[in-house]
Each structure stands twice: as structure tokens, then as C-alpha cells.
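S.K.: One structure, as C-alpha cells, below. Some questions next.
The values are calculated or read from the model by the stated rules, or taken from the named source; none is laboratory data. From a predicted model like this one, the values you see are computed outputs, not experimental measurements. Counting neighbours? That spans all protein chains shown, and the Cβs are built from the backbone with ideal geometry, glycine included.
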Amino acid sequence: MDTPPHRWSDLALHPVRIRILRAIAGAHRTTRDLAAALPDVPQATLYRHLATLVRAGLVEIAEERPAGGATERIYALPGGGSSPDPATLAAATREDHARWFTAFVSSLLSEFTRYLDRDHIDYTADGVGYQQLVLHLSDAELAQLAQDLGALLLPLAQHEPTPERTPRLLATILLPTDPPRTDPTPGNTKGPA
């Protein structure tokens, strides 16, 4: 791959490419599927942006199969989808993680944009929220947090769709941040610049 990691976000943050990544997120799609999901995008434009995402490694060809004398390609997000398993994560390179994270964030941006495009939105009634928290956790506390979240969310993730249940997207990002810088004056701390 010859695309520097810092360029992946530039490649992904294009309105059509964001929509392609959103359509592929969590699924395997053919070009026919993508054309149906993006009916307002001319076919040549769709193919061009899809090819760009494949070359950059933000989308991969998961399968090829014969279809009426031609070869049909099935596309997916790299790493097995938007949530790679622990073994895949452990074996991934920094470049892999940069590509996957770019696709993940692009998909979130697409979802929120689609929400904002609705005819009627009510942030409070819809339960919309986004925030950043810095948690100071030991390794043991982090492990406990993961266990507690799993115990809370796993039963909810197994709910079957019903007319009373609205599909709601919950996305999580957890990563270490830089510690606050300390001022040379004793007892004085400053947050990150």
C-alpha cells in the first residue's frame, strides 16, 4: 500500500465516499447493492469512488463470484467489518488500524448526517448525545469497566426488532490520551494545550 496513513481521512471524507462506507459498514455489498443504496449517484461516479476506497485499503474485495459470464465483486470494510475480533486486532499493523478507524469515523459521520437530514428531529426525544470523558483508570479498573459494559450491553444487543423498539446506534471509542502537562510551579497543573 502506498497511501500514507495521514491521507486516509482525506480520502474518506468525501460525501460520496462517506455514503459508500456507510452502506458497506457491517455488511457485504455488491456494486448492484451499492447502486441501489445510492440511487442519486451516477454509476460511473460510484465506481470511481469505490475504486479509490479499494486502492486506499478502506474497502476490500471480500469475495469474487461468477455472475452471468462476468465476475461479481463483493465489498466489505477491512478487518472483517467495523468491529474486528481480538485476534485480528492483535495482528493488525498501525496502518491497518488507521484505515479501520478512518472507515469507522466516516461511517459515524454518515449516520449522523443522515439523522440531521430527517424531516423532523428531536434531539431529546430521540436520545441523541455525544460527549468525551477522560477516565483515569488503572489496568484493573479498565478491565472491570469492560466487564461491566459487556454485562450491561450484551443483553440489549440481543433484543429482536419490534414495532416498539427504535434501532439506536451506540458507538464506543476508547484510547489512552496524553497526560496533563505540569507547570514548573509546584502544585500547579495545566490541561493539554
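S.K.: Checking the structure you have, find out if any residue of region 33-55 is touching an Asp or Glu at 6+ places or on another chain (Cβ under 6 Å) and at pLDDT 85 or above.
M.R.: No, region 33-55 has no match at all.
S.K.: To continue, here is another question. Which ones in region 154-184 are among the basic types (Lys, Arg) and under 20 Å from Phe112 (Cα atoms)?
M.R.: Selection gives Arg165, Arg168.
S.K.: If you don't mind, there's one more thing I want to ask. From the residues in region 123-158 that are polar (S, T, N, Q) and under 20 Å from Pro180 (Cα atoms), which one is surrounded by the most Cβ atoms within 10 Å (Cβ to Cβ)?
M.R.: Once the filter is applied, the top-ranked residue is Ser138.
S.K.: Now a separate question. I'd like to verify a number: residues in region 36-82 that are in a helix (DSSP H, G or I) and buried (at least 17 other Cβ atoms within 10 Å of the Cβ), how many?
M.R.: Number satisfying all stated conditions: 8.
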